[in-house]
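Chemist: Let me give you the structure first, and then I'll get to my questions.
Read the figures in this text as sums done on the coordinates, not as results from a lab. Note that the structure is predicted; figures quoted are calculated from it, not measured.
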Amino acid sequence: MSTTPFTPRSYGEAMDYVFVWLKSLYLPILDFVFTEMRKYQVQILKDEEVKGLEQEKAPATRSPETEEEHAAGGALLALNVLSEQQYHTRPSWTEERARPGIWRLTCNLTLPDGRRL
């Protein structure tokens, strides 16, 4: 950078000047941070390899509730997308407590012509 003061003549020139100044300020900091992150990542991977050699991973078991939640993953998004694409409206959701710890969620879709699904 030159030692003579720069007087920007337009907004674009001012933004270019600020960008160059910020880049020279933050680039060394970012280089240092990324280098440290890479070192840390390598160390974590080495530690995981050592742990993997020392012990076998236990097989993951799921409860029936967890299995049901896993199977239903993305269902809410799929219903919202389907109703938006086919009927051009979003569903509303009502929830009620069926019994302690158990909730019932109901999807209510009202079509533009007034029909309810």
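Chemist: Between residue 48 and residue 33, 0.36 nm times their residue separation minus their Cα-Cα distance comes to what? Write down the numbers at each step before the final one.
Modeler: Working: separation 15, 0.36 × 15 = 5.40 nm, distance 2.24 nm.
Gain on extension, residue 48 to residue 33, equals 3.2 nm.
Chemist: Test of understanding: what is the full-extension gain from residue 106 to residue 79, defined as 0.36 nm times their sequence separation minus their Cα-Cα distance? Spell out each step's value before the answer.
Modeler: Values: separation 27, 0.36 × 27 = 9.72 nm, distance 1.18 nm.
That pair, residue 106 and residue 79, stretches by 8.5 nm at full extension.
Chemist: Find how many whole Å separate the alpha carbon centroid of the stretch 7-28 from the alpha carbon centroid of the stretch 78-114.
Modeler: Answer, in whole Å: 50.
Chemist: Have a look at the stretch 8-55 and give its Rg and Dmax from the Cα atoms, expressed in angstrom.
Modeler: For the stretch 8-55, the Cα-based Rg and Dmax read 20.3, 66 Å.
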